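Here the structure comes first, spelled out in structure tokens, and everything after it is commentary.
The values are calculated or read from the model by the stated rules, or taken from the named source; none is laboratory data. Since the structure is predicted, the reported quantities are computational estimates derived from the model, not experimental observations. Counting neighbours? That spans all protein chains shown, and the Cβs are built from the backbone with ideal geometry, glycine included.
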């Protein structure tokens, strides 16, 4: 009898581990930036290159920082959601236009709608590296003290927005 | 004829065009070697199962340039590794550091080895006990001897 139960037991334990492993997403790398101050930068604005955007300008308010590009296919997936969110005026969305061209970026916003209060141009991707960006789109929630509280890699889904981002924003806005 | 000449001319012009792309390596082989050695130990986050050195993803190329310029600025390998970990986490390191969260990763194989060795030793000892504990009755012993003798005769024939 033991001969039969031991392999079966090992098999069951292995199955549970492997099943759990299947559900994990290897692309979701825990960001070391959570609860760290948002890296500072000073970049030209997309719409008006004479003006700049810096995280320091946004101290005192909760904001969403969204990394996007006109060449990014997955960005289209989350874009309607961001446009809808910006209409609700719950929280300002700032964009980081990542490794993109000004003309392409402006045309893309014109075509798909502009949910961003402002977008900063990160043409060489240096700021993206500082924010640990590796899979555009990425979305950060940054609190009143300029600390990163949440990071979403890949498109924001309605579920993530409803269950994680909005509750967190409400809590941070106090 | 003219077309062939043109083709030959184009072929002669090709090599220097290709050589241009490899300029960074040629400029400073020692630096380039250091870049390759370090980036071979860093994971490309876009393609995950490739190292930064192997990957041609946009981000990997940017990060390689980053490593190169930091080395030129006199940063040590450890400092550059720290720079990467601060942005992408321990996940970028193919050799993760020993920390409470990675203790199982490092010790796991050895724990399994020791457990396997102990199980094997335990099993072998019990098996030997079982084999040496077999008692034969006089009849069985006599029968075994007959069988063994027959076998020996078989063999010597």
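With respect to (1) within 13 Å of residue B:92 (Cα to Cα); (2) loosely packed, with under 14 Cβ neighbours inside 10 Å; (3) within 12 Å of chain A (Cβ to nearest Cβ), the lone exception for residue B:40 is condition (3).
Restricting B:96, B:138, B:100, B:109 to residues that are surrounded by 14 or more Cβ atoms within 10 Å (Cβ to Cβ) and away from chain A (no Cβ under 12 Å) narrows the list to B:96. Every listed requirement among (1) in contact (Cβ under 8 Å) with a residue 60 or more places away in the chain; (2) in a strand (DSSP E or B); (3) within 18 Å of the chain's Cα centre (by Cα) is met by residue A:44 save one, (3).
Can you tell me which residue is surrounded by the fewest Cβ atoms within 10 Å (Cβ to Cβ) among those in segment B:74-93 that are in contact (Cβ under 8 Å) with a residue 24 or more places away in the chain and in a helix (DSSP H, G or I)?
Keep residues of segment B:74-93 that are in contact (Cβ under 8 Å) with a residue 24 or more places away in the chain, which gives B:77, B:80-81, B:84, B:88, B:91-93.
Going one step further and asking which of them are in a helix (DSSP H, G or I), we end up with B:77, B:80-81, B:84, B:88, B:91-92.
Details: B:77: 14, B:80: 22, B:81: 19, B:84: 25, B:88: 23, B:91: 17, B:92: 23.
Applying the filter and picking the extreme gives B:77.
Only a single item in (1) touching a residue at least 60 places away in the same chain (Cβ under 8 Å); (2) farther than 20 Å from residue A:68 by Cα; (3) within 13 Å of chain B (Cβ to nearest Cβ) is not met by residue A:56, and it is number (3).
Scanning segment A:70-79 for residues that are in a helix (DSSP H, G or I) and either within 14 Å of another protein chain (Cβ to nearest Cβ) or in contact (Cβ under 8 Å) with a residue 12 or more places away in the chain (or both) returns A:74, A:75, A:76, A:77, A:78, A:79.
Restricting attention to segment B:123-134, the residues that are part of a helix (DSSP H, G or I) and away from every other protein chain (no Cβ under 14 Å) total 8. Each residue in segment A:97-117 was checked for being surrounded by fewer than 18 Cβ atoms within 10 Å (Cβ to Cβ) and outside any loop (DSSP other than H, G, I, E, B), and 8 of them qualify. When the criteria are applied in full, residue B:122 fails the requirement of being outside the structural domain of residue B:63 (by TED's automatic domain parsing), over 30 Å from residue A:127 (Cβ atoms) and under 25 Å from the mean Cα position of the chain (by Cα).
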